[in-house]
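What follows is one structure encoded as structure tokens, with my remarks underneath.
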Amino acid sequence: NETSLYYLLSNNYINELISIPLDHYPAEVLDELMPTYISFLKTLALRLSGSPTLFQFFVDELSGSTFPLFTAAVTAASSEYAKTDSFVRLTALNIVVNVCKIEHDAIRRVIGES
């Protein structure tokens with residue numbers, strides 16, 4: 001439902017959830033958390049690619065990252081954990097590529113500034 005999706009995305013909660021510092025967790029926690037976290041990022045990226053107008057909800061001007069979804073995917077792809085888990089690494093890289101392929105001026109501008 002589009003209304004539910006807009007509600008979930010509208011209060012910056014998604015950006016806060018995406019921006020959690022994963023490097024503070026021990027390896028045992030990351031073993032459980034990372035596959036689910038990456039799948040969540042992939043779902044958001046697929047939603048964004050299907051409807052680029054949702055980009056307004058993925059911009060977080062208050063934090064140091066203006067596009068937390070993109071930043072989280074790049075961070076996950078280059079993490080120590082991704083070096084040992086090919087699913088996490090490949091899915092994170094897939095997110096980066098798919099977001100870069102979206103033909104939307106604001107998305108391209110923010111990615112170019114990253």
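The values are calculated or read from the model by the stated rules, or taken from the named source; none is laboratory data. Predicted model, so just to flag it, every value in this text is computed and none were measured. Glycine also receives a Cβ, built like all others from the backbone with ideal geometry; neighbour counts cover every protein chain displayed. To get the accessible areas, we keep the full protein, side chains included, count just its heavy atoms, and leave off ligands, DNA and RNA. Shrake-Rupley method; radii C 1.70, N 1.55, O 1.52, S 1.80 Å.
Mind putting together the pair-distance distribution for region 6-45? All Cα pairs, 5 Å bins, whole percent per bin, short to long.
6, 21, 27, 24, 13, 8, 2
Could you give the dipole magnitude of region 1-51 about its Cα centre, charging the beta-carbon of Lys and Arg +1 and that of Asp and Glu -1, in debye to the nearest 20?
Values: 2 positive and 6 negative charges, 60 e Å.
Using only the charged Cβ atoms, the result is roughly 280 debye.
What's the Cα-based Rg to Rh of region 42-114, Rh via Kirkwood? Write out the running numbers ahead of the final one.
Details: Rg = 12.1 Å, Rh = 12.5 Å.
Rg/Rh for region 42-114 comes to 0.97.
Using the Kyte-Doolittle scale, find the helices of the chain whose mean hydropathy is at least -1.0 and whose Cα atoms extend 24 Å or more along the helix's long axis, counting only whole DSSP H runs. Spell out each step's value before the answer.
On the way: long enough: 27-50 (34 Å, 0.61).
Membrane-span-like by this rule: 27-50.
Roughly how many percent of the accessible protein surface of region 39-89 is carbon and sulfur, given a 1.4 Å probe and a whole-percent answer?
Numbers: 1520 of 2610 Å².
Accessible surface attributable to carbon and sulfur in region 39-89 totals 58 percent.
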